[in-house]
Amino acid sequence: MTFVPYDRPVRAAFIGLGRIYDLNVRAYLGNPDVEVVALVDPDEERRAQRQADWPAAAAFASAAELASSGIQVDAAEVLLPAPLHADGVVEMLGYGWHLNMQKPMCNDLSEAQRMLHAAKTSGRILRVMENYMFYDPLRKLKAAVESGEIGDVCGYHMKMTGSGLGGWDVPWSSFEWQLEQMRRGRGILVFDDGWHKLATALWLFGPVREVRAWIGNTAVGPGVNLDAPVTIAWEHDNGIRGVWDITLAMDMYLRSDYYTNDERWEITGSKGYARVNRCTGRGIQQPSLEVYADGVMRGYHALDDDWASSFRDSGRHWLNWLHTGDGPLSWGAEEAVDVLRFALAAYASSASGGIGVNPAQCG
Ligand SMILES: NC(=O)c1ccc[n+]([C@@H]2O[C@H](COP(=O)([O-])OP(=O)(O)OC[C@H]3O[C@@H](n4cnc5c(N)ncnc54)[C@H](O)[C@@H]3O)[C@@H](O)[C@H]2O)c1
């Protein structure tokens, strides 16, 4: 595919103006790389609310209406409910737009193939945004590990606790499509939010050759089930092993400006360890990154550890990429398929009682 970088501001549209728009928009506000020309959402109230940010943008109830309006769009920020991703992305690539879409890319490999095919035939770029790779404490964690500061990596652990109290309001309509996903076996913890954890594992230590999983189910209300407790373990091609546990603590208050998710990453090396203490929520109120080696603990007190900044920086990276075409997309669609395969391997393993599954052989 030949991509021709833009030598003028990119004309962009937001497709989906719901909860996560509040964070994705941070990359666009005050950014001379972009001109927001259109807003799309079937919900009139959402359109009216977001129009305040972009008075000059035209608003539409559907992407099809925008496409037939005559307004020129170079790239779209796709913030659709996950069940609409595959069809929506294929449709919008067909309009000739480059796309920066939210995770999870899609639910299975046949949908992924359709999306990759549509990107190829349209000659447009499909990016699956992975904002965690732009979270400053995680970037510094990776750098600390790669510097050799903690010695050779011996293994690592990721942790997520979903709590029921605290955080921002999430509209019931967002939960509705999450429940639909859950019924299809693509739960909010492992597959939706968990997509990021699997992505960080691949980003930190490369391809995975074996996954073993035990994925539970907990009823938290009438007709409402969550995919916890969960334990997933895996081995990378380089021999490093990781383990990730997900726990529910419904009555625990968690201070958070966003979702109530208490997260940690801890990498153990032959001489010490490095740990990111929090991300989305403000669970541990210590420095967001701590690195211990040779009897000395170093705390990083001045990182940009507001989770929202990772959306800003990931989005800016995309908009800048459209001007240069240089460097990794972080991530392109092919890399997102690796994340999907990782998740599918976990589901296959859990369904078979925890046996080892190679993600490359899924599907
Ligand atoms: N990166 C992250 O950490 C992160 C966090 C939260 C959500 N997300 C992802 O962002 C996406 C959106 O999530 P959300 O929480 O904002 O959902 P949401 O339900 O709050 O918002 C979705 C919006 O899309 C609109 N919509 C529905 N059908 C549409 C259509 N055909 N065309 C245009 N708009 C349509 C809805 O009216 C709604 O306003 C999901 O894929 C979700 O997984 C990512």
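The values are calculated or read from the model by the stated rules, or taken from the named source; none is laboratory data. Computed from a predicted model, the values in this text were never measured in an experiment. Here Cβ is always computed from backbone atoms with ideal geometry, including for glycine, and neighbour counts include all displayed protein chains.
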**Request:** Taking the residues in region 168-201 that are farther than 23 Å from Ala351 by Cα and more than 10 Å from the ligand (Cβ to nearest atom) as candidates, determine which candidate is surrounded by the most Cβ atoms within 10 Å (Cβ to Cβ).
**Result:** Thr200
**Fill in**
Taking region 23-64 and keeping residues farther than 23 Å from Phe311 by Cβ and in contact (Cβ under 8 Å) with a residue 24 or more places away in the chain leaves Ala64
**Checklist (1) of a type in the set (A, V, I, L, M); (2) near the ligand (Cβ under 9 Å from one of its atoms); (3) within 13 Å of Ile15 (Cβ to Cβ) applied to Leu66, failing item** = (2)
**Residue ID - surrounded by the fewest Cβ atoms within 10 Å (Cβ to Cβ), chosen from residues in region 242-270 that are of a type in the set (Val, Ile, Thr) and more than 23 Å from Ala293 (Cβ to Cβ)** = Thr247
**Complete:** By residue number, the members of region 89-134 that are near the ligand (Cβ under 10 Å from one of its atoms), in a helix (DSSP H, G or I) and either within 22 Å of Asp338 (Cβ to Cβ) or touching a Gly at 6+ places or on another chain (Cβ under 6 Å) (or both) are Asn131, Tyr132
**So Gly327, is it at pLDDT below 95, part of a loop (DSSP other than H, G, I, E, B), surrounded by 19 or more Cβ atoms within 10 Å (Cβ to Cβ) and not charged (D, E, K, R)** = no
**Message:** For region 135-167, which positions are within 13 Å of the ligand (Cβ to nearest atom) and either free of Cβ contacts under 8 Å to residues at least 24 places away in the same chain or in contact with a Lys or Arg (Cβ under 8 Å, 6 or more places away or on another chain) (or both)?
**Reply:** Met160
**Item:** Residues located in region 238-276, provided they are among the aromatic types (Phe, Trp, Tyr), under 25 Å from Gly187 (Cβ atoms) and out of contact with any helix residue (DSSP H, G or I) (no Cβ under 8 Å at 6 or more places or on another chain)
**Value:** Tyr253
**Request:** Could you run through region 98-110 and say how many residues are under 12 Å from Ala76 (Cα atoms) and buried (at least 24 other Cβ atoms within 10 Å of the Cβ)?
**Result:** 4
**Asked** Can you find even one residue in region 171-180 that is under 22 Å from Trp307 (Cβ atoms), of a type in the set (A, V, I, L, M, F, W, C) and modelled with pLDDT under 95?
**Response** yes
**Request:** For region 154-170, state whether one or more residues are on the phi < 0 side of the Ramachandran plot and part of a helix (DSSP H, G or I).
**Result:** no
**Request:** Kindly provide the set of residues from region 1-56 that are of a type in the set (A, V, I, L, M) and away from the ligand (no atom under 14 Å from the Cβ), ordered by number.
**Result:** Met1, Val4, Val10, Ala12, Leu29, Val34, Val36, Val37, Ala52, Ala56
**Prompt:** Only one residue in Glu235, Glu263, Glu290 is charged (D, E, K, R), modelled with pLDDT of 95 or more and in contact with a Cys (Cβ under 8 Å, 6 or more places away or on another chain), so which one is that?
**Reply:** Glu263
**Asked** Does region 269-282 include one or more residues that are farther than 30 Å from His98 by Cα, touching a strand residue (DSSP E or B) at 6+ places or on another chain (Cβ under 6 Å), within 16 Å of the ligand (Cβ to nearest atom) and of a type in the set (S, T, N, Q)?
**Response** no
